[in-house]
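Enquirer: This is the structure, below, for whatever I ask next.
The values are calculated or read from the model by the stated rules, or taken from the named source; none is laboratory data. The structure displayed is predicted, hence computed values, not measured ones. In this analysis, Cβ positions are derived from the backbone assuming ideal geometry, glycine residues included, and neighbour counts consider all displayed protein chains. Keep in mind that these areas ignore ligands, DNA and RNA; they rest on the heavy atoms of the full protein, side chains included. Shrake-Rupley method; radii C 1.70, N 1.55, O 1.52, S 1.80 Å.
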Amino acid sequence: MRQAFFPSLCLLLLLVFANNSLATIDVYEFDSPELEARFKVLIHELRCPKCQNQNLAGSNSTLSLDLKMIVYEKLKAGESDQQIVDFMKQRYGEFILFKPEMNQDNVFLWLAPLIFSIIFILVFVRWYMTHKEVEDD
Amino acid sequence: MMKKNSGNVFLSVLAILLFIAAFIWFYWLTGQDKTELPSQLIDSPAPTFKVVDLLDESIVHTQEEFKGKISLVNIWASWCPSCYVEHPYWKEYSKNEDIVLVGLNYRDKKQKALKFIREQGDYYDWTLFDENGRLGIEFGVYGAPETFLIDREGKIRYRHVGVVDRKVYNEVFLPLIDKIKKGF
């Protein structure tokens, strides 16, 4: 009886906390499934400025909750995805986007794979042609 | 044959040099403090707002009040431990007659904010009560404390994230305030 007490207490505590965590999930009501889908995409593409390695969807910081609410309110008010992203960028910069747009600071990152691939192909083709000529001779 | 080989050598050297350049660049990027985000509002006008005063809700403040003065806007909250460390410094800085000190009480409960002011002292010329944090978001705030320097035209000139201790105040804020006073 006494042995069963501790596991039962743990189980009870787990249930209590599980209930609490459910209670903190925000409920956003949408007029259409399309609007809800856009909301989900936006909160996955926008980064939490406070926690940095999480998107708005995955963060429960107060700032993220506020920003999620702003996304929700703006969608309900009829704003486009681009308008909402621009609003966030004006306040938190490019950093708020999980998929950064190409600009002069990151152009090399975007183009590096292409540049290295072209160089690799050129070197390979020249090497292949040279060896082919040697074999033909 | 010789020409093709020299072409291969050139491309290989180019690839290696590019790779080294990319490595150095990446190393430089990772060495930067990515937690400190530059404000997007530097040299832009302060956001437009209409927000009530913390101490007197009948007073409504707007961004127009920044014009003609050099203002320091300090974002604070009673739930922010660093704000308790920072607050005594404002007693010293409030003696500087060149600046107006504006508090922005961010995402706080009114009673707790008033208790903070009562216990820690009120050194602000006026304090905005931003209960839902929307004004903070307009400023691009991502925590507390943060401090914005606003010039006489109402433009944001600098944002500091964290405690404005004597070193930050003397080495960063005072030179900038002097610059603004000289008309830069």
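Enquirer: Of the residues A:Leu122, A:Leu75, A:Leu65, which is outside any loop (DSSP other than H, G, I, E, B) and touching a Ser or Thr at 6+ places or on another chain (Cβ under 9 Å)?
Expert: Working: A:Leu122 fails: touching a Ser or Thr at 6+ places or on another chain (Cβ under 9 Å); A:Leu75 fails: touching a Ser or Thr at 6+ places or on another chain (Cβ under 9 Å).
A:Leu65 is the lone residue from the list that is outside any loop (DSSP other than H, G, I, E, B) and touching a Ser or Thr at 6+ places or on another chain (Cβ under 9 Å).
Enquirer: How many of the residues making up the stretch B:66-78 are touching a Lys or Arg at 6+ places or on another chain (Cβ under 8 Å) and closer than 16 Å to B:Gly162 by Cβ?
Expert: 1
Enquirer: Here is a follow-up. Check whether at least one residue in the stretch A:87-108 is farther than 20 Å from A:Gln52 by Cα and part of a helix (DSSP H, G or I), and report yes or no. Even if it seems obvious, please write down each step before you answer.
Expert: Start the filter on the stretch A:87-108 by keeping residues that are farther than 20 Å from A:Gln52 by Cα, which leaves A:103-104, A:107-108.
Now narrow it down to the ones that are part of a helix (DSSP H, G or I): A:107-108.
For the stretch A:87-108, residues farther than 20 Å from A:Gln52 by Cα and part of a helix (DSSP H, G or I): present.
Enquirer: While we're here: Somewhere in the stretch A:91-99, is a residue farther than 16 Å from B:Tyr142 by Cβ and modelled with pLDDT of 90 or more?
Expert: The answer is no, given that none of the residues of the stretch A:91-99 is farther than 16 Å from B:Tyr142 by Cβ and modelled with pLDDT of 90 or more.
Enquirer: Just give me the residues in the stretch B:83-113 being out of contact with any strand residue (DSSP E or B) (no Cβ under 9 Å at 6 or more places or on another chain) and part of a helix (DSSP H, G or I), in sequence order.
Expert: Scanning the stretch B:83-113 gives B:Tyr84, B:Val85, B:Pro88, B:Tyr89, B:Lys91, B:Glu92, B:Gln111, B:Lys112.
Enquirer: Considering (1) within 16 Å of B:Lys115 (Cα to Cα); (2) loosely packed, with under 14 Cβ neighbours inside 10 Å; (3) within 14 Å of chain A (Cβ to nearest Cβ), say which one B:Ser44 fails and leave the rest.
Expert: Just one mismatch for B:Ser44, condition (1).
Enquirer: Inspect all residues belonging to the stretch B:51-74 and state whether any of them is touching a Gly at 6+ places or on another chain (Cβ under 9 Å), within 13 Å of chain A (Cβ to nearest Cβ), at pLDDT 90 or above and surrounded by 14 or more Cβ atoms within 10 Å (Cβ to Cβ).
Expert: Looking for residues that are touching a Gly at 6+ places or on another chain (Cβ under 9 Å), within 13 Å of chain A (Cβ to nearest Cβ), at pLDDT 90 or above and surrounded by 14 or more Cβ atoms within 10 Å (Cβ to Cβ), one finds none in the stretch B:51-74, hence no.
Enquirer: Those residues that are under 22 Å from A:Met69 (Cβ atoms), within 19 Å of the chain's Cα centre (by Cα) and of a type outside the set (Ser, Thr, Tyr), I need them from the stretch B:109-142; list them, please. Break it down stepwise before answering.
Expert: Taking the stretch B:109-142 and keeping what is under 22 Å from A:Met69 (Cβ atoms), we get B:109-110, B:112-113, B:128-142.
Add one more test, that the residue is within 19 Å of the chain's Cα centre (by Cα), and what stays is B:128-130, B:133-142.
Those that are under 22 Å from A:Met69 (Cβ atoms), within 19 Å of the chain's Cα centre (by Cα) and of a type outside the set (Ser, Thr, Tyr): B:Leu128, B:Phe129, B:Asp130, B:Gly133, B:Arg134, B:Leu135, B:Gly136, B:Ile137, B:Glu138, B:Phe139, B:Gly140, B:Val141.
Enquirer: Please determine, by comparing only the residues of the stretch A:84-137 that are more than 8 Å from chain B (Cβ to nearest Cβ) and touching a residue at least 40 places away in the same chain (Cβ under 8 Å), which one is most open to solvent (accessible area, probe 1.4 Å).
Expert: Out of the qualifying residues, it is A:Lys99.
Enquirer: Moving on to the next point. Does A:Lys50 count as surrounded by fewer than 17 Cβ atoms within 10 Å (Cβ to Cβ), touching a Phe, Trp or Tyr at 6+ places or on another chain (Cβ under 8 Å) and among the basic types (Lys, Arg)?
Expert: Values: surrounded by fewer than 17 Cβ atoms within 10 Å (Cβ to Cβ): yes; touching a Phe, Trp or Tyr at 6+ places or on another chain (Cβ under 8 Å): yes; among the basic types (Lys, Arg): yes.
When the stated conditions are applied, A:Lys50 passes them.
Yes/no matrix, rows are residues, columns are (1) out of contact with any Cys (no Cβ under 6 Å at 6 or more places or on another chain); (2) more than 30 Å from B:Ile20 (Cβ to Cβ); (3) of a type in the set (Ser, Thr, Tyr):
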| position | (1), (2), (3) |
| --- | --- |
| A:Ile43 | yes, yes, no |
| A:Ser61 | no, yes, yes |
| A:Leu65 | yes, yes, no |
| A:Leu97 | yes, no, no |
| A:Pro100 | yes, no, no |
| A:Leu111 | yes, no, no |
| A:Tyr128 | yes, no, yes |
| A:His131 | yes, no, no |
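Enquirer: All but one of (1) closer than 22 Å to A:Tyr28 by Cα; (2) facing chain B (nearest Cβ under 10 Å) hold for A:Lys74; which doesn't?
Expert: With (1) closer than 22 Å to A:Tyr28 by Cα; (2) facing chain B (nearest Cβ under 10 Å) applied to A:Lys74, the lone miss is (2).
Enquirer: Please indicate, with yes or no, whether at least one residue in the stretch A:73-80 is surrounded by 13 or more Cβ atoms within 10 Å (Cβ to Cβ), closer than 30 Å to B:Cys80 by Cβ and modelled with pLDDT of 90 or more.
Expert: Within the stretch A:73-80, the first condition is being surrounded by 13 or more Cβ atoms within 10 Å (Cβ to Cβ), and the residues that meet it are A:74-76, A:79.
Filter again for closer than 30 Å to B:Cys80 by Cβ, leaving A:74.
Subsequent filtering for residues that are modelled with pLDDT of 90 or more retains A:74.
Yes: the stretch A:73-80 contains one or more residues that are surrounded by 13 or more Cβ atoms within 10 Å (Cβ to Cβ), closer than 30 Å to B:Cys80 by Cβ and modelled with pLDDT of 90 or more.
Enquirer: OK, next. Looking only at the stretch B:136-150, filter to residues that are open to solvent by 10 Å² or more (accessible area, probe 1.4 Å) and not small (Gly, Ala, Ser); which one of those is farthest from the other protein chains (Cβ to nearest Cβ)?
Expert: Among those residues, the one meeting the criterion is B:Glu138.
Enquirer: What pairs come out if I take residues in the stretch B:110-122 that are closer than 21 Å to B:Glu92 by Cα and pair them with residues that are open to solvent by less than 100 Å² (accessible area, probe 1.4 Å) and part of a helix (DSSP H, G or I) whose C-beta lies under 6 Å away, six or more apart or interchain?
Expert: B:Gln120/B:His87
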